[in-house]
Amino acid sequence: MQTEPATLNTFPCNPKNWVVNYADYLYNYAVTRINDDELARDLVQETFLAALEKVEKFEGRSKEGTWLTAILRNKIIDVYRKKSASLLKQEISEAEDYNAQDFFDKDDGHWNQNHRPKAFGIEDFDVLGKKEFNQILQLCFHKLPALWLSVFTMKHLDDESAESICTALKISSSNFWVIIHRTKVNLRSCLQKNWI
């Protein structure tokens, strides 16, 4: 008596439940990375459509939600690429020409008194405080140039390596580090002005 081999599909794919089970999560995932509500909704819809086209190829090696998130993540990287291709030279030039003397003393390189880092007071805040902080953080993200936001979110939200970010966005390693530094300085300044 011959038995059939065990299949990897331990998490059956059920497209009928995708919207109910995953739409909110995928939308939040997208909007925190691209900071554009309408584009985030479009990307979630495109994710569902792309997944429907590939549903027969889903082998169940991961959970359904993980698979959908991976598809969405690739779509977000495509958005980053498109934005970075059109803005790359301008934003890299802005990052390199960025006037750091507002933040740092030109003689010793230390923080200027007005921009010296302060404690954010977010170590143990309540849920309401977290919600307010996240709203301000999103506003600060919105002020960043598109390429800077792409680099920052890929590095710090998605834990991508510097090398993979440089490859995906077609920027040099030195440009990457300049952009990361400038983004962190700008976010800190924005949060200090609007949160503290």
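The values are calculated or read from the model by the stated rules, or taken from the named source; none is laboratory data. Since we're looking at a predicted model, the values are computed, not measured. Glycine gets a Cβ as well: all are built from the backbone with ideal geometry, and neighbour counts include every protein chain shown.
Points to keep in mind about this one:
- Among the residues of the range 2-43, those identified as among the charged types (D, E, K, R) and modelled with pLDDT of 90 or more are Asp24, Glu38, Arg41, Asp42.
- Residue identified as under 13 Å from the mean Cα position of the chain (by Cα) and either at pLDDT 90 or above or part of a helix (DSSP H, G or I) (or both) among Phe141, Phe176, Phe133: Phe141
- In the condition set (1) surrounded by fewer than 18 Cβ atoms within 10 Å (Cβ to Cβ); (2) on the phi < 0 side of the Ramachandran plot; (3) in contact with a helix residue (DSSP H, G or I) (Cβ under 9 Å, 6 or more places away or on another chain); (4) not aromatic (Phe, Trp, Tyr), Met154 is compliant with all but (1).
- When residues of the range 128-151 are limited to those that are closer than 23 Å to Arg81 by Cα and polar (S, T, N, Q), the one surrounded by the most Cβ atoms within 10 Å (Cβ to Cβ): Ser150
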